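Undergrad: Take a look at the following structure, please.
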């Protein structure tokens, strides 16, 4: 397995083509609002990743931070299918959970953190939160349609001061905007493929006077890559179907050159089958087989947002965002291991969540003039409140999707999180080429939970998922105040290269399920609190000879006060904390340290030699990560889902303006699925995630100035691999990634 990764790294070492134009490092006074959010113009020769982002952009400060701004084009990835490993290919060291081929949930992480629905990132769209709850349940059930995105912004751990919790940093999906040079324009795609796949996407927009509008709609469906389940009667039932639709209207008004007001609403809904996990023997026999056809998962997400951008003076800029999340997450299915067949009459469990969240963020940037230089200072305030309603119980029979409960609830819970935060960061130019950026943030977090829960009858019981015992009531609250500090340094080594370094405190709030009991066997330590730590970067980025784009950095992350459970026998005198017959105690139990190197290089071939009508680039992006527990019950063990090596490399070939071809390989070394570093289990629930290498290809041929054809081949060599083992959803067991899938269709612009 290590050999496979080494061979892949060596073969990728020659793939180094691509570059970028260096960003402007001066801060110019301007007379219009244009300076607030600099537009991004994507051209055929533009670099896919801006490795030297502007030091300041509107009311965001990028200086000294490891930031990547990824421009999206259909020729570089299968955007219609939301293929995450292709789309994030140029971002160094991204670990991706490939639960299914739907692309509806982007499970990504960096630096040995958990990819579970990107919950170690502060996940946003157009600058506002889209997770279920920013503190108590930071899972992102919603991923925008990649075709609707202009770019993806990633800032590693140093984002903690400006954007708030999570050790991974910021992940911001930025949607497209209306064209400014015409009253009407648009784009559309019609893509079909294997397994009944179909995707349609259409967007229109334009500008008339002070008003701009933009609307997109997207629908996707598929029967899935996993095989149908054959019943005892000989009938076959699909096991892996999904459908999804999303729509966003966006309206912008500019009453003056100094002011811009934007309103947008995003609505997304999807439903998918969960074919279940496989045990080790089943995966070895046929990784495409499915064990379940009656397990379903459904999500509805509604995100309204109102944004104001205004220039108070030539040197002072203001932005405000008022936003909300109204969402549902619902599932129905079995929870038995894959070795236990579904008889078609087994009781099913229903889980439902409702989210009602709202927030407001205000930011101000002032370009402080000292001498002949400007020193941007950014400050902000954030207010947030979220409510989660969580229910669990026995569901109806049959094989369709349902959220109906047919027995008393085993969980009936309500959680509330309230957050207030303020921050300030100031980029101070201490010399012509040297800037220092200190910053502070203070967080206040209040969380409460109340409701009832009880033991439930096991799945093997005829009355499975019904209550077993008297319900337990609880009504608890928790409060925390967390001050955070950080500092960054940026030195312009030349006009095209810079050195950056930073050290910032980070934190991750304790989740609802950790703070408040919902399992009668687990008690919660009254002193349990959020995880806290430090994130650091030191690196060099920029361009060489205006042709080679690089970003090479080392990182260190300390993740302290991790939360876990301890059995009664290991508690000693603390057994007094066990209440209501609990046999385990949840508390802060240990820490982990993550260190490594992240690297990216891309060379644009036709900036070195004249290739006439031909052009192209080759790139490599990857990371070496050593992440292990340093204290607590599993001290010395490797952190789960933290491969030592993650490497992606690829090429992009262009002929005239008629053909663009992209090829990309993705490789990861082996890692463990649990903190105990279990080697293997017959159930498939815990064990090693084997090393793998997967290749993807996308090509686009322009037929006319307004029409193009495309083809995508994902997992070209039909590799059988998996990136996750699950103890529950969406398994239990080994969650097989999709094999080879071919899609293609037409794109038009008008």
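The values are calculated or read from the model by the stated rules, or taken from the named source; none is laboratory data. In this text, all values refer to a predicted model and were calculated from it rather than measured experimentally. Because the Cβ atoms are built from the backbone with ideal geometry, glycine has one as well, and the counts that use them run over all protein chains shown.
Undergrad: Mind listing whichever residues of segment 571-593 are within 14 Å of residue 633 (Cβ to Cβ) and in a loop (DSSP other than H, G, I, E, B)?
TA: Residue satisfying the conditions is 571 alone.
Undergrad: Still on this structure: Would you confirm, using the coordinates I've provided, whether residue 123 is in contact with a helix residue (DSSP H, G or I) (Cβ under 8 Å, 6 or more places away or on another chain) and touching a residue at least 12 places away in the same chain (Cβ under 8 Å)?
TA: Numbers: in contact with a helix residue (DSSP H, G or I) (Cβ under 8 Å, 6 or more places away or on another chain): no; touching a residue at least 12 places away in the same chain (Cβ under 8 Å): yes.
No, not satisfied.
Undergrad: Report whether or not residue 647 is surrounded by 18 or more Cβ atoms within 10 Å (Cβ to Cβ), under 22 Å from the mean Cα position of the chain (by Cα) and either at pLDDT 95 or above or not in a strand (DSSP E or B) (or both). Full working, then the answer.
TA: Numbers: surrounded by 18 or more Cβ atoms within 10 Å (Cβ to Cβ): yes; under 22 Å from the mean Cα position of the chain (by Cα): yes; either at pLDDT 95 or above or not in a strand (DSSP E or B) (or both): yes.
Answer is yes for this residue.
Undergrad: So, one more: Taking residue 460, is it part of a loop (DSSP other than H, G, I, E, B), surrounded by fewer than 19 Cβ atoms within 10 Å (Cβ to Cβ), modelled with pLDDT of 95 or more and over 27 Å from the mean Cα position of the chain (by Cα)? Talk me through it step by step, then tell me what you get.
TA: On the way: part of a loop (DSSP other than H, G, I, E, B): yes; surrounded by fewer than 19 Cβ atoms within 10 Å (Cβ to Cβ): yes; modelled with pLDDT of 95 or more: no; over 27 Å from the mean Cα position of the chain (by Cα): yes.
No: the conditions fail for residue 460.
Undergrad: Name the one entry in 81, 140 that is in a loop (DSSP other than H, G, I, E, B), surrounded by 23 or more Cβ atoms within 10 Å (Cβ to Cβ) and within 10 Å of the chain's Cα centre (by Cα).
TA: Residue meeting the stated conditions: 140.
Undergrad: Here are 441, 382, 477, 390: which of them is assigned to a strand (DSSP E or B), surrounded by fewer than 20 Cβ atoms within 10 Å (Cβ to Cβ) and touching a strand residue (DSSP E or B) at 6+ places or on another chain (Cβ under 9 Å)?
TA: Numbers: 441 fails: surrounded by fewer than 20 Cβ atoms within 10 Å (Cβ to Cβ); 382 fails: surrounded by fewer than 20 Cβ atoms within 10 Å (Cβ to Cβ); 390 fails: surrounded by fewer than 20 Cβ atoms within 10 Å (Cβ to Cβ).
Just one listed residue meets the conditions, 477.
Per-residue answers, yes or no, for (1) more than 28 Å from the chain's Cα centre (by Cα); (2) surrounded by fewer than 22 Cβ atoms within 10 Å (Cβ to Cβ); (3) modelled with pLDDT under 95:
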{"site": "488", "(1), (2), (3)": "no, no, no"}
{"site": "513", "(1), (2), (3)": "no, yes, yes"}
{"site": "519", "(1), (2), (3)": "yes, yes, yes"}
{"site": "528", "(1), (2), (3)": "no, yes, yes"}
{"site": "533", "(1), (2), (3)": "no, no, no"}
{"site": "536", "(1), (2), (3)": "no, yes, no"}
{"site": "542", "(1), (2), (3)": "no, no, yes"}
{"site": "546", "(1), (2), (3)": "yes, yes, yes"}
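Undergrad: So is residue 632 under 23 Å from residue 534 (Cβ atoms), under 26 Å from the mean Cα position of the chain (by Cα) and at pLDDT below 95 or not?
TA: Details: under 23 Å from residue 534 (Cβ atoms): yes; under 26 Å from the mean Cα position of the chain (by Cα): no; at pLDDT below 95: yes.
No, not satisfied.
Undergrad: Determine the pairs where a residue that is at positive phi and touching a residue at least 60 places away in the same chain (Cβ under 8 Å), located within segment 270-293, has a partner that is surrounded by 24 or more Cβ atoms within 10 Å (Cβ to Cβ) and in a loop (DSSP other than H, G, I, E, B) with Cβ atoms under 6 Å apart, the partner being 6 or more residues away or on another chain.
TA: From segment 270-293, the pairs are 276/291; 276/292; 276/338.
Undergrad: Check residue 432 against each of (1) at pLDDT below 95; (2) buried (at least 16 other Cβ atoms within 10 Å of the Cβ); (3) part of a loop (DSSP other than H, G, I, E, B) and name the one condition it does not meet.
TA: (2)
Undergrad: Still on this structure: Taking segment 495-511, which residues are closer than 16 Å to residue 429 by Cα and either within 25 Å of the chain's Cα centre (by Cα) or free of Cβ contacts under 8 Å to residues at least 60 places away in the same chain (or both)?
TA: 499, 500, 501, 502 - these are the residues of segment 495-511 that are closer than 16 Å to residue 429 by Cα and either within 25 Å of the chain's Cα centre (by Cα) or free of Cβ contacts under 8 Å to residues at least 60 places away in the same chain (or both).
Undergrad: Right, something else. Would you mention how many residues in segment 363-379 are out of contact with any strand residue (DSSP E or B) (no Cβ under 6 Å at 6 or more places or on another chain) and at pLDDT 95 or above?
TA: The initial filter retains those residues of segment 363-379 that are out of contact with any strand residue (DSSP E or B) (no Cβ under 6 Å at 6 or more places or on another chain), namely 369-372.
Filter again for at pLDDT 95 or above, leaving none.
So the answer is 0.
Undergrad: Is there any pair linking a residue in segment 701-713 that is free of Cβ contacts under 8 Å to residues at least 12 places away in the same chain to one that is surrounded by 13 or more Cβ atoms within 10 Å (Cβ to Cβ), with Cβ under 7 Å and at least six apart or on different chains, and which?
TA: 703/709
Undergrad: Still on this structure, please answer the following. Hey, could you check segment 548-570 for residues that are under 24 Å from the mean Cα position of the chain (by Cα) and either assigned to a helix (DSSP H, G or I) or in contact (Cβ under 8 Å) with a residue 60 or more places away in the chain (or both) and say which is surrounded by the fewest Cβ atoms within 10 Å (Cβ to Cβ)? It would help to see each step written out before you state the result.
TA: First, the residues of segment 548-570 that are under 24 Å from the mean Cα position of the chain (by Cα): 550-564.
Remaining after also requiring either assigned to a helix (DSSP H, G or I) or in contact (Cβ under 8 Å) with a residue 60 or more places away in the chain (or both): 550-551, 553, 555, 557, 559, 562, 564.
Details: 550: 19, 551: 22, 553: 22, 555: 22, 557: 25, 559: 26, 562: 19, 564: 16.
Among those residues, the one meeting the criterion is 564.
Undergrad: Another one. Check segment 626-638 and report whether any residue there is in a helix (DSSP H, G or I), in contact with a strand residue (DSSP E or B) (Cβ under 7 Å, 6 or more places away or on another chain) and farther than 18 Å from residue 538 by Cα.
TA: Looking only at segment 626-638, we keep the residues that are in a helix (DSSP H, G or I), and these are none.
The answer is no, given that none of the residues of segment 626-638 is in a helix (DSSP H, G or I), in contact with a strand residue (DSSP E or B) (Cβ under 7 Å, 6 or more places away or on another chain) and farther than 18 Å from residue 538 by Cα.
Undergrad: Failed condition for residue 611, given (1) in contact (Cβ under 8 Å) with a residue 12 or more places away in the chain; (2) part of a loop (DSSP other than H, G, I, E, B); (3) surrounded by fewer than 18 Cβ atoms within 10 Å (Cβ to Cβ), with all others met?
TA: Of everything listed in (1) in contact (Cβ under 8 Å) with a residue 12 or more places away in the chain; (2) part of a loop (DSSP other than H, G, I, E, B); (3) surrounded by fewer than 18 Cβ atoms within 10 Å (Cβ to Cβ), residue 611 misses just condition (1).
Undergrad: Does residue 415 count as part of a strand (DSSP E or B), modelled with pLDDT of 95 or more, more than 22 Å from residue 380 (Cα to Cα) and touching a helix residue (DSSP H, G or I) at 6+ places or on another chain (Cβ under 9 Å)?
TA: Yes, satisfied.
Undergrad: Then there's this: Taking segment 48-73 only, how many residues are in a loop (DSSP other than H, G, I, E, B) and under 20 Å from the mean Cα position of the chain (by Cα)? Before the answer, list the steps.
TA: Start the filter on segment 48-73 by keeping residues that are in a loop (DSSP other than H, G, I, E, B), which leaves 48, 51-55, 58-59, 62-66, 72-73.
This time we only want the ones that are under 20 Å from the mean Cα position of the chain (by Cα), so: 48, 51, 62, 65-66, 72-73.
Here the count works out to 7.
Undergrad: Which is modelled with pLDDT of 95 or more and part of a loop (DSSP other than H, G, I, E, B), of 709, 675, 642, 657? Break it down stepwise before answering.
TA: On the way: 709 fails: part of a loop (DSSP other than H, G, I, E, B); 675 fails: modelled with pLDDT of 95 or more; 657 fails: modelled with pLDDT of 95 or more.
After ruling out the rest, the residue left standing is 642.
Undergrad: Determine whether residue 682 is within 18 Å of residue 97 (Cβ to Cβ) and surrounded by fewer than 22 Cβ atoms within 10 Å (Cβ to Cβ). Walk me through how you get there before you give the answer.
TA: Working: within 18 Å of residue 97 (Cβ to Cβ): no; surrounded by fewer than 22 Cβ atoms within 10 Å (Cβ to Cβ): yes.
The answer is no for residue 682.
Undergrad: Okay, next question. Considering each residue of segment 572-604, count those that are buried (at least 16 other Cβ atoms within 10 Å of the Cβ) and in contact with a helix residue (DSSP H, G or I) (Cβ under 9 Å, 6 or more places away or on another chain), and give that number.
TA: 6
Undergrad: Can you name the number of the only condition in (1) at pLDDT below 95; (2) more than 20 Å from residue 286 (Cα to Cα) that residue 700 fails?
TA: Failing condition for residue 700: (1).
Undergrad: Then there's this: Pull up segment 712-726, narrow it to residues that are in contact with a strand residue (DSSP E or B) (Cβ under 9 Å, 6 or more places away or on another chain) and not in a strand (DSSP E or B), then point me to the one that is surrounded by the most Cβ atoms within 10 Å (Cβ to Cβ). Can you show your working first?
TA: Within segment 712-726, the first condition is being in contact with a strand residue (DSSP E or B) (Cβ under 9 Å, 6 or more places away or on another chain), and the residues that meet it are 712-717, 719-726.
From what is left, the residues that are not in a strand (DSSP E or B) are 715-717, 719-721.
Numbers: 715: 23, 716: 14, 717: 10, 719: 13, 720: 15, 721: 18.
My answer is 715.
Undergrad: Quick one: which strands (runs of 3 or more DSSP E) lie wholly within segment 151-267 and hold at least 3 residues that are buried (at least 22 other Cβ atoms within 10 Å of the Cβ) and in contact with a strand residue (DSSP E or B) (Cβ under 6 Å, 6 or more places away or on another chain)?
TA: Numbers: elements: 169-175, 185-193, 197-208, 211-222, 242-256.
Answer list for segment 151-267: 169-175, 197-208, 211-222, 242-256.
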